[in-house]
Amino acid sequence: MNVIQGGRARPCRTVAFDRPANSVLLIEQRLLPHEFKIVATKNFRETAAAIRTMVVRGAGAIGATAAYGLAQGALAFRSTSLAKFNQHVDTVYQTLKEARPTAVDPVNAMNEVRTVMRLGETVPEQQVLALAAAEEFASSDVEHCRAIGQHGARLIRNGMRLLTHCNAGWLAFVDIGSATAPMYAAQAQGKQFHVFCDETRPRSQGATLTAWELSQQKISHQIIADNAAGHLMQRGEIDLVIVGSDRVLGRTGEVANKIGTYTKAVLAHRHQIPFYVAIPLSTIDWNLKRGLDIPIEEREEAEVLGAWGITSAKKREYIRVANPTSGARNPGFDVTPPELITGIITPMGLIKPKDLWKRRGDLGHSA
Ligand code: MRU
């Protein structure tokens, strides 16, 4: 998407690869919306750290980052022993996988890269294939998001008021986004609509990242406190909800997404408001059999007890808000059951969550 800097728009991807420097290039998302900066990770450990510390975040974006990180690690290997190379690649894979647990995209992305690498018979061949496969993952992420936009745009009619949660925008992918893709496509079709962005405490990705994206794209929007959605729904002020996901179970249709999504789905169901989840194919987990088994990231309590912001002197600072002697519990994600979800917007079209398994052939599940 375009980033406007100094009044000029220039196209930018969330994640890219610098081959001569063997570095992954990332938008430093912790600084947005106050500062736009690209950072480079110079080895796979730095790349894993960037995922862990949320320099880069969002399921598709960390998927592409892990794919590039795997290629980066493979390319840094300096010997011709295939056995030693395989051991090294196992370490790289494991390090990147452990960076964050809930989104399945990094694992799916790295599995795709490793499958392609195995076609090479020598270390140099596998190194070249690793980068080509990572580039292919990044390009297919963009194409999936574009297709989600085309399928999802028909849900948006003139004058609608939408709700979205957290950031499933282009910052959460390589480009375009999942939940925002139908919005960008509808805007290109000339439709007028308004978006409410849930603030999404504790890290406020809605208030910072989604709101920044929508303002860059000149889409009418307002930030609401996480607690406000029920009130607006009750007053008939929300017509459609579109969110993203970090892991959708292909066998059951359960959806893991940023904490607070389940609450919004219950509210939407109560008020008979359509609730859609937009995902590329890399977000589908075909293995797990129950939502209860999805690993839910438990994050540090400081996120709940305070907030990051920018001072009048333009300095980024953490402010303690909560009672100084209290602790906090901070689960990062929740799981929404399929009966609360109207449909999944996939690159292959709109699918009922419980029909994913039936449609697995079209959705890229090979077994
Ligand atoms: O913790 P984050 O910011 O990496 O969480 C991911 C998200 O932004 C959301 O859960 C999003 O809705 C799905 S990611 C496409």
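The values are calculated or read from the model by the stated rules, or taken from the named source; none is laboratory data. No experiment lies behind these values; they were computed from the predicted model shown. Positions of Cβ are generated from backbone atoms using ideal geometry, with glycine treated the same way; all protein chains shown enter the neighbour counts.
Here are a few things to note about the model shown:
- Boolean, Y276 is among the hydroxyl-bearing types (S, T, Y), within 13 Å of the ligand (Cβ to nearest atom) and over 16 Å from the mean Cα position of the chain (by Cα): no
- Every listed requirement among (1) surrounded by 17 or more Cβ atoms within 10 Å (Cβ to Cβ); (2) part of a helix (DSSP H, G or I) is met by V174 save one, (2).
- Annotation: of all residues in the stretch 59-81 being touching a helix residue (DSSP H, G or I) at 6+ places or on another chain (Cβ under 6 Å) and within 14 Å of V123 (Cβ to Cβ), the one that is farthest from the ligand (Cβ to nearest atom) is T80.
- Residues of the stretch 246-293 classified as assigned to a loop (DSSP other than H, G, I, E, B) and of a type in the set (D, E), total: 2
- Of all residues in the stretch 1-42, those being part of a strand (DSSP E or B) and not small (G, A, S) number 17.
- Of all the listed residues (A64, A76, A103), the sole one being in contact with a His (Cβ under 9 Å, 6 or more places away or on another chain) and outside the structural domain of K315 (by TED's automatic domain parsing) is A76.
- Candidate set: the stretch 184-233, residues that are charged (D, E, K, R) and at negative phi; chosen: the one farthest from the chain's Cα centre (by Cα): K191
- Among the residues making up the stretch 2-31, those that are under 19 Å from C145 (Cβ atoms) and out of contact with any strand residue (DSSP E or B) (no Cβ under 7 Å at 6 or more places or on another chain) are R13, Q29.
- Assessment of the stretch 287-301 against the conditions (in the same structural domain as T208 (by TED's automatic domain parsing), over 25 Å from K264 (Cα atoms) and at pLDDT 95 or above) yields at least one matching residue.
- From the options R57, R45, residue that is in contact (Cβ under 8 Å) with a residue 60 or more places away in the chain, of a type in the set (D, E, K, R) and either at negative phi or in a helix (DSSP H, G or I) (or both): R57
- Residue match in the stretch 153-164 (condition: outside the structural domain of D334 (by TED's automatic domain parsing) and assigned to a loop (DSSP other than H, G, I, E, B)): no
- Applying the set (1) touching a residue at least 60 places away in the same chain (Cβ under 8 Å); (2) over 22 Å from the mean Cα position of the chain (by Cα) to N330 leaves exactly one unmet item: (2).
- All positions within the stretch 178-200 that are touching a residue at least 12 places away in the same chain (Cβ under 8 Å) and in a loop (DSSP other than H, G, I, E, B): S178, A179, T180, Q189, K191, Q192, E199, T200
- If only residues of the stretch 49-75 that are polar (S, T, N, Q) and within 21 Å of A132 (Cα to Cα) are counted, the one that is surrounded by the fewest Cβ atoms within 10 Å (Cβ to Cβ) is Q72.
- A186 vs. criteria more than 14 Å from the ligand (Cβ to nearest atom) and surrounded by 23 or more Cβ atoms within 10 Å (Cβ to Cβ): yes
- Taken together, A211, A207, A228, A168 contain a single residue that is touching a helix residue (DSSP H, G or I) at 6+ places or on another chain (Cβ under 9 Å), outside the structural domain of V56 (by TED's automatic domain parsing) and either modelled with pLDDT of 95 or more or within 16 Å of the ligand (Cβ to nearest atom) (or both), which is A168.
- Count - residues of the stretch 13-31 that are surrounded by fewer than 18 Cβ atoms within 10 Å (Cβ to Cβ), among the hydrophobic types (A, V, I, L, M, F, W, C) and under 19 Å from T210 (Cβ atoms): 1
- Residues satisfying the stated conditions in the stretch 201-245, i.e. polar (S, T, N, Q), part of a strand (DSSP E or B) and surrounded by 22 or more Cβ atoms within 10 Å (Cβ to Cβ): none
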